Structure formats: C-alpha cells, structure tokens
1. Could you state the principal axis extents of the C-alpha atoms in region 178-251, from the largest down, to the nearest angstrom?
2. Can you tell which of 155, 260, 100 shows the greatest fluctuation in a Gaussian network model of the chain with Cα springs below 10 Å?
3. For residue 275 and residue 310, what does the FRET efficiency come to when R0 = 30 Å and r is the distance between their Cβ atoms, rounded to the nearest 0.05?
4. Considering the Cα trace of region 322-395, what is its radius of gyration and what is Dmax, both in angstroms?
5. Between 26, 275, 224, which gets the highest mean-square fluctuation from a Gaussian network model of the chain, Cα cutoff 10 Å?
6. Can you list residues whose amide H is under 5 Å from residue 69's amide H, if they're 5+ apart or on another chain and H is modeled 1.01 Å from N?
7. Taking region 216-321 on its own, what percent of its Cα-Cα pair distances exceed 25 Å?
8. Aspartates and glutamates near residue 168 by alpha-carbon distance under 14 Å, same-chain residues fewer than 8 away left out - which ones?
Amino acid sequence: MKSKLFVLFLALCTLASFSQFAGAAEIKIGALNDTTGATSDVGKDYALGISEVIHYINDQGGVNGKPIKLYQFDYGYRIPEALTKYKLFQRLKVAAVLGWGTGDTEALSPTITKDKMPYVSASYSAHLTNPAKTPYNLFAATDYSSNARAAITAWFDKKWPKHPDFGKRKPRFQCSYMFASGYASAPIKAVKDQATLLGFDVGADQDTSLTAIDTKSQVLAMKEFKADLVWHGNTTMSTAATIRDAYALGLGADHIVNNWGFDENLPKLGGRAVEGVMGATVCAFFGENVPVMDQVVAYAKKYNPGIPLEKRLVRTVQAWANALLLWEALKRADKAGDLTGEGILKKGFETLSGFDIGLRVPPLTYTSTDHRVAGKVPIYEIKDGKITYFETVDLKGRWPDKWANEWLGW
C-alpha cells in the first residue's frame, strides 16, 4: 500500500510540475551520456547534472513557457551506439542534442551539419570550434587545445625557472594518453605545437588506456627519456594511476592534466603523488561560492538525495553550463519565432556576446566565424591536497596573430 501511495505521490508531483505548461508545445532535447563505458568515471556525474538542470529549467518556465522533454540515454562510450541513438533522436524530432564524447561527436559532425542539428557536447575538442567546418557543434567551455597550451605555458613560465637545470638545457616533455581515444588524442597537435613553440625537447608519446590501473611500462619509458613535464590526456581514474606509478618509480617529472582528468577525485585517488599537479578547469568546482551554484546544489539534493554532496564533482557543473547555454539559445530563437536548427544557431547561439551564465564559466561569445569561448584560461594546482588557483594564461593576448590566424579548429 505504501509503495502505491509513493508512486501516486510521484505522479502528482510530476503533474504539478507541468501544470504551468498546460497546452504548451514541448521542446524535445536528446542527451547522450556515458554511465557504463570507458569514461563513466566522469560521465556518471555529468549525466546526473544534465537530468537535474533540465528539471531546473522547467521549473523556471522552460523555453518561454514551453517545457523541455528530455530523452536521455547511456551509450557506453561506443561510437556505433551513439550513431544509433542519434537516428532515434531524429525520429523523435528533437530540437537539439546534449552530447558527450569526442570520438562520437566528431564522427557525427558531418551529419549534424547536414541536418542542421544544434549539438552541445561535453567534448571540448578544438576541432569543433571552426564554424566554417562544424557550425552546429558548440560547448560552454574553453577547448582542450587552449587548455593544454595554457597549462604548458604556466608550467614553463613559473616552474621551469625554479628547476636546477634551468638555463643549462631544454626542458623535456612527453604525453601520456590513449592513442585510440578521440577525446584523449584530440589536442595532441596543439600540445606538440605549444611545446615546440616554447622550446621543449619532445619525447615519444606513451599509449595509456582510459581504463589503465597499471602503467609501469609507460612510466619506465618516460623515466628513460628523463621527462621534466608530462601531459596527461585521459580521464581521472587512469590519470591518477599513471601519476601514482610515476611517483612510486621516481620519475621526478611534473604533471599537467587535461580537463576530464582534473577534478575533486584526483587528490582522493592520487594522494601524495598528485601534489603539485596542474590542470585547466572550465568552470567552478561543485559547491563553490559562485553565482548559480546554490541552484546546482539544491537540485542535486532534490533529485538525487541518495548521493552525498561530498561525492559530487565539477562534472555536474559542466553539465549545467552546457544546458544553460542551450537554454539561452533556445529562448532567443523562440522569441525570434524560429526554432529550426538554423534559427537556434543564427538567432540563438551566434547572438551571444559576453553572455554570463555564472558558475565561473567564461563569458560566452559565439560568432559566425569563431566558436571558441575565450582566449584566457585559468590554471589550477593541487596544493596540500586541495585544488587551488595557480594563474590565468592569456593565449589570445600573448600570441594574437597565432590565435587569430593559425589556431582556430585545432
């Protein structure tokens, strides 16, 4: 009897939440998430954030009075499954998609462009920032390539001058990532370019699986090269495993980490080994005192009360950022009377100029010629077991010609 009453209660709550939308047409949105695959260590929390923020958006009146209907699927980080789910979204006639991985997002991009399907992904690949090639791919974050360039530069400016060999030789640099992963390999060209630009001696890349728990062979290869700095392109679990092995084997190098490997779990998984590790982040961490975070925390409590708040991650905040970006574009396009894919792009996204969604996301500007969010990237460091601000690198200001003429789209 109690279970029946609980089901009835949930049904009444659902009806009450949609009562404000009586008679309004739904706006359908598709969402692809990885909660069981190779990136599920960061994907689960992002998926929770997507579900929670859509509840928030509907509680705020949806899209100018129109409710969002979310179709959310786990695709296990499998590209064929992503393609299948995208075809389902087409049949459902969704207005836009909130996507996930780089491999599947880049594989879908020609189809997305042909279909004029707005696609806001958790892939921050710089390959998706040139609207001349991928106009319908967007995200509310600095891209992987900019993040890596900034982190390498911050280390070179602030840490290399303190090294005993500074002024005697070039710093030695290597990369550790899964070669076959579209996400992990996306910024490699930019990573190597920045290292060369700054005068590093670049060693051989190390192929490290996204699910690796033993990386001793890769670390021993880096030790033979005597790396001073290692860039990690994987997600948190395998990044922590690699840095732990580096610490245990006495590699002696510093480490910088791409966005999806740098979060609240890294100090927990890495312990003393990750002290001094640096990385870029694209928004505030979960629970920080910044605008809109109160709502993020409140909706986490309301819709997933069984998950302790101390276990929630920056990934939830990233999900909110992408969904809030899409929401603003939809509202603008709807107000203009054009919720077609092209309308959402031209009358929505590309009308944003310095738009602030809070959550310490850089002010969002998208033009018809450039979908990069910002030329300034904040870098953080793990210090005394806590993630702390290190410095902001102004790539656009330091290399204006390269930013304008060379780096777009890679």
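The values are calculated or read from the model by the stated rules, or taken from the named source; none is laboratory data. The shown structure was predicted, so the numbers you read here are calculated from the model rather than taken from an experiment. Don't worry about glycine lacking a Cβ; one is built from the backbone with ideal geometry, like all the others, and counts go over all protein chains shown. Just so you know, the surface numbers come from the protein's heavy atoms only, side chains and all, with ligands and any DNA or RNA stripped out. Shrake-Rupley method; radii C 1.70, N 1.55, O 1.52, S 1.80 Å.
1. 32, 27, 15
2. The residue with the greatest mean-square fluctuation here is 155.
3. On the way: r = 21 Å, r/R0 = 0.69.
Efficiency at R0 = 30 Å is approximately 0.90.
4. For region 322-395, the Cα-based Rg and Dmax read 15.8, 53 Å.
5. It is 224.
6. 27, 28, 29
7. 30 percent
8. Residue 168 reaches 201, 228.
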